[in-house]
Amino acid sequence: MTIDTPDTGTPEGASDDFSTFQAAANAEPAGDGADDDDQPVSDSDDATVTVTDVPSSINVTKDANPTSLPEPGGNATFNVSVQNTSAVDTVTISSLTDDVYGNLDGQGTCDVTPPIVLAPGATYNCSFVGAVSGNAGSTHVDTVTATGTDDDGQPVADSD
(Lines give C-alpha, C1' and ligand atoms only; values in the text may rest on other atoms or scores of the structure.)
Protein backbone atom coordinates (compact mmCIF):
# COMPACT_ATOMS: atom_id res chain seq x y z
CA MET A 1 0.00 0.00 0.00
CA THR A 2 1.40 3.35 -1.00
CA ILE A 3 0.15 6.56 0.48
CA ASP A 4 0.31 9.59 -1.76
CA THR A 5 0.81 12.81 0.12
CA PRO A 6 1.05 16.26 -1.39
CA ASP A 7 4.54 17.64 -1.50
CA THR A 8 4.45 20.67 0.72
CA GLY A 9 8.15 20.93 0.78
CA THR A 10 10.61 19.53 3.24
CA PRO A 11 11.01 21.42 6.47
CA GLU A 12 14.52 22.52 7.14
CA GLY A 13 16.58 19.68 8.68
CA ALA A 14 14.01 16.99 7.81
CA SER A 15 14.65 14.10 5.44
CA ASP A 16 12.91 13.96 2.10
CA ASP A 17 13.00 10.12 2.22
CA PHE A 18 9.54 8.53 2.51
CA SER A 19 10.89 4.98 2.04
CA THR A 20 10.75 4.13 5.75
CA PHE A 21 7.13 5.24 5.96
CA GLN A 22 6.21 3.37 2.77
CA ALA A 23 7.91 0.18 4.00
CA ALA A 24 5.97 0.29 7.27
CA ALA A 25 2.72 0.94 5.44
CA ASN A 26 3.37 -1.99 3.10
CA ALA A 27 4.32 -4.44 5.93
CA GLU A 28 2.04 -7.33 6.81
CA PRO A 29 0.55 -7.45 10.32
CA ALA A 30 2.89 -9.02 12.87
CA GLY A 31 0.81 -12.18 13.37
CA ASP A 32 3.86 -14.37 13.29
CA GLY A 33 5.24 -13.22 16.62
CA ALA A 34 7.55 -10.50 15.32
CA ASP A 35 7.27 -6.76 15.27
CA ASP A 36 7.98 -4.49 12.31
CA ASP A 37 11.70 -4.66 13.12
CA ASP A 38 11.60 -8.49 13.06
CA GLN A 39 12.04 -8.61 16.82
CA PRO A 40 10.21 -11.50 18.51
CA VAL A 41 7.13 -10.59 20.49
CA SER A 42 5.02 -12.74 22.77
CA ASP A 43 2.50 -12.51 25.53
CA SER A 44 0.47 -14.87 27.65
CA ASP A 45 -2.32 -14.72 30.14
CA ASP A 46 -4.22 -17.20 32.21
CA ALA A 47 -7.82 -17.63 33.28
CA THR A 48 -8.99 -19.21 36.49
CA VAL A 49 -12.15 -21.28 36.78
CA THR A 50 -13.10 -22.54 40.22
CA VAL A 51 -15.11 -25.75 40.38
CA THR A 52 -17.48 -25.64 43.35
CA ASP A 53 -18.99 -28.55 45.21
CA VAL A 54 -22.59 -29.46 44.50
CA PRO A 55 -24.16 -30.68 47.75
CA SER A 56 -25.05 -34.36 47.94
CA SER A 57 -28.16 -35.83 49.50
CA ILE A 58 -30.00 -39.07 50.13
CA ASN A 59 -33.65 -39.80 50.84
CA VAL A 60 -34.66 -42.64 53.17
CA THR A 61 -38.17 -44.09 53.24
CA LYS A 62 -39.50 -46.85 55.45
CA ASP A 63 -42.85 -48.58 55.55
CA ALA A 64 -44.38 -51.53 57.38
CA ASN A 65 -46.44 -54.49 56.23
CA PRO A 66 -48.93 -55.04 57.78
CA THR A 67 -49.71 -51.59 59.15
CA SER A 68 -51.84 -53.02 61.96
CA LEU A 69 -51.74 -56.20 64.05
CA PRO A 70 -54.29 -57.73 66.45
CA GLU A 71 -53.48 -57.51 70.15
CA PRO A 72 -50.94 -58.48 71.57
CA GLY A 73 -48.96 -57.98 68.30
CA GLY A 74 -46.76 -60.08 66.02
CA ASN A 75 -44.19 -59.67 63.30
CA ALA A 76 -44.11 -56.91 60.71
CA THR A 77 -41.93 -56.62 57.64
CA PHE A 78 -40.20 -53.25 57.37
CA ASN A 79 -39.16 -52.09 53.89
CA VAL A 80 -36.30 -49.61 53.68
CA SER A 81 -35.37 -47.58 50.62
CA VAL A 82 -32.31 -45.32 50.29
CA GLN A 83 -32.16 -43.12 47.18
CA ASN A 84 -29.21 -41.00 46.08
CA THR A 85 -30.90 -37.69 45.28
CA SER A 86 -27.60 -35.97 44.42
CA ALA A 87 -27.33 -34.24 41.07
CA VAL A 88 -23.78 -35.39 40.29
CA ASP A 89 -22.13 -37.22 43.19
CA THR A 90 -21.96 -40.92 43.87
CA VAL A 91 -22.72 -41.73 47.52
CA THR A 92 -21.54 -44.63 49.65
CA ILE A 93 -23.91 -45.87 52.36
CA SER A 94 -21.93 -47.43 55.20
CA SER A 95 -24.56 -47.69 57.93
CA LEU A 96 -28.26 -48.54 58.29
CA THR A 97 -29.57 -48.39 61.84
CA ASP A 98 -33.00 -48.54 63.42
CA ASP A 99 -33.72 -46.88 66.75
CA VAL A 100 -35.63 -50.00 67.91
CA TYR A 101 -34.01 -52.90 66.03
CA GLY A 102 -30.41 -51.61 66.01
CA ASN A 103 -27.83 -52.18 63.30
CA LEU A 104 -29.66 -53.48 60.23
CA ASP A 105 -26.53 -54.85 58.52
CA GLY A 106 -27.22 -58.56 58.13
CA GLN A 107 -30.89 -58.36 59.19
CA GLY A 108 -33.26 -59.64 56.50
CA THR A 109 -32.00 -58.49 53.11
CA CYS A 110 -30.22 -55.42 54.51
CA ASP A 111 -26.49 -55.60 53.81
CA VAL A 112 -24.04 -52.72 54.01
CA THR A 113 -20.89 -54.86 54.10
CA PRO A 114 -19.21 -53.90 51.85
CA PRO A 115 -20.75 -50.41 51.77
CA ILE A 116 -23.49 -49.68 49.22
CA VAL A 117 -22.36 -47.42 46.35
CA LEU A 118 -25.17 -45.49 44.68
CA ALA A 119 -24.85 -43.46 41.48
CA PRO A 120 -26.94 -40.28 41.22
CA GLY A 121 -30.62 -41.30 41.10
CA ALA A 122 -29.95 -44.93 42.12
CA THR A 123 -31.89 -46.62 44.92
CA TYR A 124 -31.04 -49.39 47.40
CA ASN A 125 -33.92 -51.43 48.83
CA CYS A 126 -33.95 -53.97 51.64
CA SER A 127 -36.36 -55.39 54.20
CA PHE A 128 -36.27 -56.98 57.63
CA VAL A 129 -38.77 -58.52 60.03
CA GLY A 130 -39.33 -57.12 63.51
CA ALA A 131 -41.57 -58.05 66.40
CA VAL A 132 -44.24 -55.52 67.33
CA SER A 133 -46.25 -55.80 70.54
CA GLY A 134 -48.63 -53.68 72.55
CA ASN A 135 -52.09 -53.21 73.91
CA ALA A 136 -55.07 -52.46 71.68
CA GLY A 137 -54.88 -48.89 70.40
CA SER A 138 -51.13 -48.47 70.97
CA THR A 139 -48.81 -47.55 68.12
CA HIS A 140 -45.31 -48.69 67.32
CA VAL A 141 -43.03 -46.05 65.78
CA ASP A 142 -39.40 -46.59 64.95
CA THR A 143 -36.95 -44.73 62.73
CA VAL A 144 -34.30 -46.00 60.35
CA THR A 145 -31.23 -43.86 59.56
CA ALA A 146 -28.82 -44.25 56.65
CA THR A 147 -25.38 -42.61 56.82
CA GLY A 148 -22.41 -42.45 54.51
CA THR A 149 -20.28 -40.13 52.40
CA ASP A 150 -20.32 -38.68 48.91
CA ASP A 151 -17.47 -39.04 46.42
CA ASP A 152 -15.89 -35.86 47.83
CA GLY A 153 -15.79 -37.36 51.34
CA GLN A 154 -18.65 -35.20 52.63
CA PRO A 155 -21.13 -36.86 55.02
CA VAL A 156 -24.68 -37.71 53.94
CA ALA A 157 -27.52 -38.93 56.16
CA ASP A 158 -31.28 -39.18 56.27
CA SER A 159 -33.94 -40.82 58.44
CA ASP A 160 -37.54 -42.00 58.13
Some residue of the stretch 89-102 being of a type in the set (Asp, Glu), in contact with a Ser or Thr (Cβ under 8 Å, 6 or more places away or on another chain) and without any contact (Cβ under 8 Å) to a residue 60 or more places away in the chain: yes
Subset of the stretch 119-144 [surrounded by 17 or more Cβ atoms within 10 Å (Cβ to Cβ) and touching a residue at least 60 places away in the same chain (Cβ under 8 Å)]: 132, 144
Test result for residue 132, in contact with a Cys (Cβ under 7 Å, 6 or more places away or on another chain) and part of a strand (DSSP E or B): no
Test for residue 105: is it closer than 13 Å to residue 147 by Cα and at pLDDT 95 or above: yes
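The values are calculated or read from the model by the stated rules, or taken from the named source; none is laboratory data. Please read these numbers as outputs of a predicted model, since none were measured by experiment. Here Cβ is always computed from backbone atoms with ideal geometry, including for glycine, and neighbour counts include all displayed protein chains.
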